[in-house]
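Peer 1: Submitted below is the structure of interest, expressed as structure tokens.
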Amino acid sequence: MNHKSTYLTVKDHSVSGEAFQLLYNEQLDMLETFPQPKPNKLSGYYKSEDYISHTDTKRNLLENVYHLVRKVSLKKKLKLINSFKTEEKVLLDIGCGTGDFLETAQKDDWQITGIEPNENARRIANSKTNNSVFEIEYLANLKANSFDVITLWHVLEHLPNLEMHIKLIKHLLKPNGTLVIAVPNFNSYDAEHYKNFWAAYDVPRHLWHFSRTAIKELFKRERMELKKVLPMIFDAYYVSLLSEKYKSGWMNPFKAFWLGMRSNQKAKHSNEYSSHIYIVQHQNS
């Protein structure tokens, strides 16, 4: 039995104000949000105008910064998936939000399928992608071994049945396909600095909080191999802006920028960035 100790107590800063514990799983070097909301209650925690990936609004500094950077990151994401050897350029994006990445890939001749549980975000995504986005239940209808690339951009931390979803993702990926996972890193400098105000804990929407070890070990159990870890440089700035808001009541862009820069500088030595992109493939049998 793997003993789990309380690592931190964190408040839901954006919706409910409720407190949750982060339990440390020593074996995986991973945190688990406790208690986890029941599946029928989970959607209530996403009911906030501030849940930025479900909207295309630009009402304030944070949203404008988010959309500005999204343009740059979309080009980088496309470049990344184009760097993989693929048979037919068939892409599945799980948790696709308002569909910008899928739209970008489609314009570059990728055959696209998106999964998005949020109804409003799904409607916006479908207007951009010729109705290529479906509810999460649709995953069960997809054919085994049918995708060259499967992406989860800041999504794995939201999935309630983690091990079941990892098995399903493996099932859908072609034998020589590539899985791309982006998640926050609780071992980063900005996480250590902001502690229970660190915005990327985002309890209880984030059910799991990963490290390199956790990703490597979880996929190893399914005979999948971690091939590469890439930094997400911008996340340190964005997360620090939001963390400053939670800590002091305003975003304090100068302090947040300085903290984000410091986090990235420290990560050059530690390799512990605010968020990482993990490249995972089937193990060679």
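Rule-based calculations on the coordinates, nothing more; no lab input. This is a predicted model, so every value here is computed, not measured. All Cβ positions, glycine included, derive from the backbone under ideal geometry; neighbour counts span all protein chains shown.
Peer 1: Treating only the Cβ of Lys, Arg, Asp and Glu as charged (+1, +1, -1, -1), what charge dipole size does the range 103-253 show about its Cα centre? Round to the nearest 20 debye.
Peer 2: The calculated dipole for the range 103-253 is roughly 340 debye.
Peer 1: Taking only Cα atoms and a 10 Å spring cutoff, compute GNM fluctuations for the chain and point out the largest among LEU68, LEU91, LEU173.
Peer 2: Top of the fluctuation ranking is LEU68.
Peer 1: Let me ask another. Name the most mobile residue of SER263, SER83, SER240, meaning the one with the largest mean-square fluctuation, in a Gaussian network model of the chain with Cα contacts below 10 Å.
Peer 2: SER83
Peer 1: Shifting gears a bit: Among the GluC sites (Glu not before Pro) in the range 1-33, which ones are in a DSSP loop with at most 16 other Cβ atoms within 10 Å of the Cβ? Mind listing them?
Peer 2: GLU18, GLU26
Peer 1: Taking the chain as a Gaussian network, where each spring joins two C-alpha atoms under 10 Å apart, which residue of ALA140, ALA256, ALA121 fluctuates the most?
Peer 2: Largest GNM mean-square fluctuation: ALA140.
Peer 1: Let me ask something else. Roughly what % of DSSP beta bridges within the chain run antiparallel, to the nearest 5?
Peer 2: Close to 65 percent.
Peer 1: Out of the GluC sites (Glu not before Pro) in the range 90-160, which ones are loop residues according to DSSP with at most 14 other C-beta atoms within 10 Å?
Peer 2: Passing both the DSSP loop test and the Cβ count: GLU135.
Peer 1: Work through the residues other than VAL180 whose Cβ is under 13 Å from its Cβ and net out their charges, Lys, Arg +1 and Asp, Glu -1.
Peer 2: Here the count lands on +3.
Peer 1: Could I ask something else about it? Quick check for me: using +1 on Lys/Arg Cβ and -1 on Asp/Glu Cβ, what's the dipole size of the range 63-117 about its Cα centre, in debye to the nearest 20?
Peer 2: In debye, rounded to 20, the range 63-117 gives about 340.
Peer 1: Still on this structure, please answer the following. With Cβ to Cβ distances under 11 Å as the rule, what net charge do the other residues near GLU87 carry (K, R +1; D, E -1)?
Peer 2: My count for the surroundings of GLU87 gives +1.
Peer 1: What range in the chain is the longest one free of chymotrypsin sites (Phe, Trp or Tyr not before Pro) that are in a loop by DSSP and have at most 16 other Cβ atoms within 10 angstrom?
Peer 2: 85-249
Peer 1: Please report, largest first and rounded to whole Å, the three semi-axes of the ellipsoid equivalent to the range 203-269, where each semi-axis is the square root of five times an eigenvalue of the C-alpha gyration tensor.
Peer 2: Largest first, the range 203-269 gives 30, 16, 7 Å.
Peer 1: Another question, if that's okay. Is the range 70-157 best put as rounded, prolate or oblate by its Cα gyration tensor, with a ≥ b ≥ c the root eigenvalues, rounded for a/c under 1.5, and otherwise prolate when a/b is larger than b/c, oblate when not?
Peer 2: oblate
Peer 1: Once you keep just the Cα pairs under 8 angstrom separated by 6 or more residues, what percentage relative contact order results for the chain?
Peer 2: Contact order relative to length: 18 percent.
Peer 1: Give, rounded to the nearest 20 debye, the magnitude of the charge dipole that the chain has about its Cα centre when Lys and Arg contribute +1 at Cβ and Asp and Glu contribute -1 at Cβ.
Peer 2: The calculation lands at about 540 debye.
Peer 1: For a quick check of your reading of the filter: which trypsin sites (Lys or Arg not before Pro) in the range 116-192 sit in a DSSP loop and have no more than 11 other Cβ atoms within 10 Å?
Peer 2: Within the range 116-192, the qualifying trypsin sites (Lys or Arg not before Pro) (loop, at most 11 other Cβ atoms within 10 Å) are LYS143.
Peer 1: With Cβ to Cβ distances under 11 Å as the rule, what net charge do the other residues near LYS266 carry (K, R +1; D, E -1)?
Peer 2: Net charge around LYS266: -1.
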